[in-house]
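The values are calculated or read from the model by the stated rules, or taken from the named source; none is laboratory data. What you are looking at is a predicted structure, and each value in this text was computed from that prediction instead of being measured. Because the Cβ atoms are built from the backbone with ideal geometry, glycine has one as well, and the counts that use them run over all protein chains shown.
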Amino acid sequence: MLSKPAKRDLKHNRIIKGKGYKREDGLWDIEVFLIDSKTYSFKNMHRGYISAGEPLHDMAVRLTLSDDSKIIDIEALINASPYNICPQAVKNCQKLKGEFLVAGFNRKVIKILGGEKGCRHITDLLAHAGTIAYQTLWKEKTESEEKKISIEEAQSIEKKFANSCYALKKDGEVYNQYKEILIKKVEKA
C-alpha cells in the first residue's frame, strides 16, 4: 500500500480496464478501455463545454489474436475526445494486422501509429493490450501439463518472454525455470 498522502484535491481521473477472452473459434480477444474525466467543468473548443465527471476521453481497443499472438483483427473506437478529428485516427490501426505481440511490439506500434499517424491514447492502450495478452495466453501456452508443443511453438513462446521484464531476464533464475517447463513440453520427434 502507498504511504498516506499529503492533503490534496482530486483533479483528474483515468480508468484503464483490460480483459482477455478465449473465443469459441479458438482465437483470443484482448480488450482495453480508457476513460479520462475531470472533477471540474471546463470549456472545450470542439465540444463546447465538458461537465465534471463527463468523459474527456472514452476509448476502446479490441485485438483478435491467434495462438501465436498474431493480430488477426483489430478494432479501435473513440467515443469521446477533446477534438472532433480524433476518431479519424483509428483507421491507421488496421496497419497492425498481421503483426505479432512479441518483444518489440510497443516500438513497432510507435513506428506505425506514433505522432501524427495515430492517437497517443490508443497507442497507450495497445501497450496495455500486449501485457494483457501475455497474461491471458501465458497459462495456456506454458502450464498445461497435458499439452505437448512443437519445438517451433516452444521457441515462439520463449521469444515472447525472454528479457520482457526484470524477472524474465535471460540470465535469471525465473527465466531458466520457465525454459525448463517449455523443454519438458516439447513433443518427442
Among (1) buried (at least 17 other Cβ atoms within 10 Å of the Cβ); (2) among the aliphatic types (A, V, I, L, M); (3) under 19 Å from TRP28 (Cβ atoms) - the single one ALA103 does not satisfy | (1)
Have a look at TYR166, TYR134, TYR83 and point out the one that is aromatic (Phe, Trp, Tyr) and not assigned by TED's automatic domain parsing to the domain that holds ASP25.
-> TYR166
Contact list, first residue from the stretch 34-53 and assigned by TED's automatic domain parsing to the domain that holds ILE78 and at pLDDT 95 or above, second anywhere and acidic (Asp, Glu) and part of a strand (DSSP E or B), beta-carbon distance below 7 Å, six or more apart or interchain, is ILE35/ASP58
So ALA133, is it surrounded by fewer than 20 Cβ atoms within 10 Å (Cβ to Cβ), under 18 Å from the mean Cα position of the chain (by Cα) and in contact (Cβ under 8 Å) with a residue 12 or more places away in the chain = no
Only unsatisfied item for ILE74, checking (1) modelled with pLDDT of 95 or more; (2) more than 18 Å from GLN94 (Cα to Cα); (3) not small (Gly, Ala, Ser), is (2)
Please tell me if ASN79 is assigned to a strand (DSSP E or B), surrounded by fewer than 14 Cβ atoms within 10 Å (Cβ to Cβ) and touching a helix residue (DSSP H, G or I) at 6+ places or on another chain (Cβ under 9 Å).
-> yes
With the condition kept exactly as written, say whether any residue in the stretch 62-70 is of a type outside the set (Gly, Ala, Ser), without any contact (Cβ under 8 Å) to a residue 40 or more places away in the chain and touching a Phe, Trp or Tyr at 6+ places or on another chain (Cβ under 6 Å).
-> yes
Selection from the stretch 45-57 of residues surrounded by 12 or more Cβ atoms within 10 Å (Cβ to Cβ) and assigned to a strand (DSSP E or B) yields ILE50, PRO55, LEU56, HIS57
Looking across the stretch 132-143 at residues that are at pLDDT below 90 and among the hydroxyl-bearing types (Ser, Thr, Tyr), the single one that is farthest from GLY114 (Cα to Cα) is THR142
Residue that is surrounded by 12 or more Cβ atoms within 10 Å (Cβ to Cβ), in contact (Cβ under 8 Å) with a residue 40 or more places away in the chain, polar (S, T, N, Q) and touching a strand residue (DSSP E or B) at 6+ places or on another chain (Cβ under 9 Å), where the choices are SER156, SER150, SER164 = SER156
Please work out which residue is surrounded by the fewest Cβ atoms within 10 Å (Cβ to Cβ), limiting yourself to the stretch 1-38 and to residues that are of a type in the set (Ser, Thr, Tyr) and either over 27 Å from the mean Cα position of the chain (by Cα) or under 18 Å from ALA76 (Cβ atoms) (or both).
-> SER3
Single unsatisfied condition, GLN94 versus (1) in contact with a Pro (Cβ under 8 Å, 6 or more places away or on another chain); (2) assigned to a helix (DSSP H, G or I) = (1)
From the options GLU180, GLU153, GLU146, residue that is at pLDDT below 80 and either of a type in the set (A, V, I, L, M) or outside any loop (DSSP other than H, G, I, E, B) (or both) | GLU153
